[in-house]
Amino acid sequence: MKRKLTVLVVGLFLLTACNSENFTFSGETENWAASLNVNQNNDYEDQEFVLHYKGENVDSVGEIAYDVKTNAGSFGGSGLTLEENGSLKDSSKGNPTTAKISKDSKVEVIVEWNDNAETITLNTD
């Protein structure tokens with residue numbers, strides 16, 4: 001009986017491990033670099049978004065707004081300021097009821113700051 005239980009637990013563990021996928025989208029423009037790391041495990045999805053200002057004077061950027069568009073919808077923020085290193089980080093966790101980002105999704109990031117705007121196209125690495 002113990003042996004059957006052990007085989008069942010190991011089998012379930014292997015099936016769970018098979019349903020995990022990680023991929024990263026990245027891209028850059030003249031002023032910005034962005035990446036979106038996606039970790040899908042079974043029915044759940046974790047996303048980590050990083051936006052980085054490539055210029056040297058981070059204080060000159062002021063408040064920014066960004067919008068990330070994927071096949072699963074969009075997310076973003078406004079009235080935000082960069083960290084001292086010129087980066088902005090955002091993360092979210094999806095559950096089984098939310099749409100998932102596909103690896104071949106078209107991902108675009110629109111960044112607005114100081115009456116400027118740039119669109120960054122992110123591609124899978």
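The values are calculated or read from the model by the stated rules, or taken from the named source; none is laboratory data. Since this is a predicted model, take the numbers as computed values, not measurements. Every residue, glycine as well, gets a Cβ built from its backbone with ideal geometry; the counts of neighbours run over all protein chains shown.
Of all the numbered requirements in (1) surrounded by 11 or more Cβ atoms within 10 Å (Cβ to Cβ); (2) of a type in the set (Asp, Glu); (3) under 16 Å from residue 27 (Cβ atoms), residue 125 misses one, and that requirement is (1).
Matching residues to (1) modelled with pLDDT of 65 or more; (2) more than 22 Å from residue 99 (Cβ to Cβ):
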{"position": "3", "(1), (2)": "yes, yes"}
{"position": "14", "(1), (2)": "no, yes"}
{"position": "22", "(1), (2)": "yes, no"}
{"position": "32", "(1), (2)": "yes, yes"}
{"position": "55", "(1), (2)": "yes, yes"}
{"position": "58", "(1), (2)": "yes, yes"}
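Which strands (runs of 3 or more DSSP E) sit wholly inside segment 32-103 and have at least 2 residues that are touching a His at 6+ places or on another chain (Cβ under 9 Å)? Strands (runs of 3 or more DSSP E) meeting the threshold: 32-41, 87-94. The set of residues from segment 88-100 being surrounded by 14 or more Cβ atoms within 10 Å (Cβ to Cβ) and either under 19 Å from residue 118 (Cα atoms) or of a type in the set (D, E, K, R) (or both) comprises 88, 90, 100. Scanning segment 104-116 for residues that are in a strand (DSSP E or B) and under 17 Å from residue 46 (Cβ atoms) gives a single hit, 107. A Cβ distance below 7 Å, combined with a sequence gap of six or more or placement on separate chains, defines the contacts here; from segment 70-83, residues that are under 13 Å from residue 106 (Cβ atoms) reach residues that are of a type in the set (Ser, Thr, Tyr) in the pairs 70/105; 71/102; 71/105.
Within segment 76-116, the set of residues being closer than 24 Å to residue 19 by Cβ and among the hydrophobic types (A, V, I, L, M, F, W, C) comprises 99, 101, 107.
Does residue 119 qualify as being more than 17 Å from residue 23 (Cβ to Cβ), among the β-branched types (Val, Ile, Thr) and assigned to a loop (DSSP other than H, G, I, E, B)?
Values: more than 17 Å from residue 23 (Cβ to Cβ): yes; among the β-branched types (Val, Ile, Thr): yes; assigned to a loop (DSSP other than H, G, I, E, B): no.
In short, no.
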